[in-house]
Amino acid sequence: MWFFGSKGASGFSSRSTAEEVTHGVDGTGLTAIVTGASSGIGVETARVLALRGVHVVMAVRNTGSGAKVKQDIVNKVPGAKLDVMELDLSSLESVRKFASDYRSAGLPLNLLINNAGIMACPFMLSKDNIELQFATNHLGHFLLTKLLLDSMKNTSRESKREGRIVNLSSEAHRYTYSEGVRFDKINDKSSYSSFRAYGQSKLCNVLHANELAKQLKEDGANITANSLHPGAIMTNLGRYFNSYLAGAVGAVAKYALKTVPQGAATTCYVALNPQVTGVTGEYFLDSNIAKPLPLAKDSELAKKVWDFSTKLTDSQSGESSS
């Protein structure tokens, strides 16, 4: 671990911006999906990818907000290629519809940026009756990735360019429940902790990327899968904080928190920078490879999360396990 602002092996630091880490990279001919691209670091991620020539599909819950963000980006980046599509990650039906519409459009897919998320909300269930943070942060992205994987494999084969899957996790993955992932208590309201449930979902983001990396390697696919911590940023992710906590966070924000351009840097680095070519199954922090919680490197736990998630998503659709 390096001090805040000091450069790591990549030559970048916590202070580097998304534009800096992609400087000189030509993304022309690449197509990316960015989930949650209408707020926070998702907007900056979409803007910088578009700036580098990437065709960005903004997968957003509110297409009205998405259209405004798209227009704003086009005003700043003339010639930017952006599309807005509806996706509610807390609804498996919405995820299926998005994937089906995407495939029907015949679009290629080089980069999948699983960015969207909610944080530390009160206990709620998704439309599929699954605890909301687990459903939105992990399960929705798990199913989305699964349904779009063939598109990514076809694109990487036809374009002869490496595909990249990027899961936005968080250092909060270190503060999950004591058992790591509560397979039999995902919906247990009585022992629910909003922060530990968030940590659990973020641990699953790392485990998902690691198991995916392993399977893609075995499959011989030219696609990498990595996870990352974007940094502590004051975005609307903290909307469930109480006013006292929000005030305390605000007080230290200008000293310790990243700006949005700094917060989107690691995502853009992992998605586009040539230094990351061939790197897979890693966890990144401040645009450098970092060490996650040892539990996050547990391959048996990763496989268990994969099987559990497959079962959950299949049972919601009546599909048999693939």
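The values are calculated or read from the model by the stated rules, or taken from the named source; none is laboratory data. Quick caveat: nothing in here was measured; it's all calculated off a predicted structure. Methodologically, a virtual Cβ is constructed for each residue, glycine included, from the backbone with ideal geometry; neighbour enumeration extends over all protein chains shown. Please note that ligands, DNA and RNA were not included when accessible areas were found on the heavy atoms of the full protein model with its side chains. Shrake-Rupley method; radii C 1.70, N 1.55, O 1.52, S 1.80 Å.
Quick notes
- Checked against (1) modelled with pLDDT of 95 or more; (2) under 24 Å from residue 166 (Cβ atoms); (3) part of a helix (DSSP H, G or I), residue 238 meets all criteria but (1).
- Qualifying residue in the range 37-49 (condition: open to solvent by 50 Å² or more (accessible area, probe 1.4 Å) and of a type in the set (A, V, I, L, M, F, W, C)): no
- Restricting the search to helices (runs of 4 or more DSSP H) fully inside the range 249-322 and requiring at least 2 residues that are modelled with pLDDT under 95 and out of contact with any helix residue (DSSP H, G or I) (no Cβ under 6 Å at 6 or more places or on another chain) gives 299-315.
- Filtered by the rule that a residue be open to solvent by 20 Å² or more (accessible area, probe 1.4 Å), in contact (Cβ under 8 Å) with a residue 60 or more places away in the chain and among the small types (Gly, Ala, Ser), the range 11-35 gives a lone residue, 29.
- Of all residues in the range 27-74, those being modelled with pLDDT under 95 and more than 16 Å from the chain's Cα centre (by Cα) number 0.
- When residue 217 is tested against (1) within 20 Å of the chain's Cα centre (by Cα); (2) open to solvent by 50 Å² or more (accessible area, probe 1.4 Å); (3) on the phi < 0 side of the Ramachandran plot; (4) at pLDDT 95 or above, just one condition goes unmet, and that condition is (1).
- Restricted to the range 84-143, and to residues there that are of a type in the set (Asp, Glu) and out of contact with any Ser or Thr (no Cβ under 6 Å at 6 or more places or on another chain), the residue that is least open to solvent (accessible area, probe 1.4 Å) is 131.
- Residue in the range 80-88 that is without any contact (Cβ under 8 Å) to a residue 60 or more places away in the chain, within 25 Å of residue 49 (Cα to Cα), outside any loop (DSSP other than H, G, I, E, B) and basic (Lys, Arg) present: no
- Restricting the first member to the range 291-318 and to residues that are farther than 19 Å from residue 214 by Cβ, and the second to residues that are of a type in the set (Ser, Thr, Tyr) and in a loop (DSSP other than H, G, I, E, B), the beta-carbon pairs closer than 6 Å and six or more apart or on different chains are 314/321.
- Complete set of residues in the range 53-79 that are in a loop (DSSP other than H, G, I, E, B) and either β-branched (Val, Ile, Thr) or touching a residue at least 12 places away in the same chain (Cβ under 8 Å) (or both): 53, 54, 61, 62, 77
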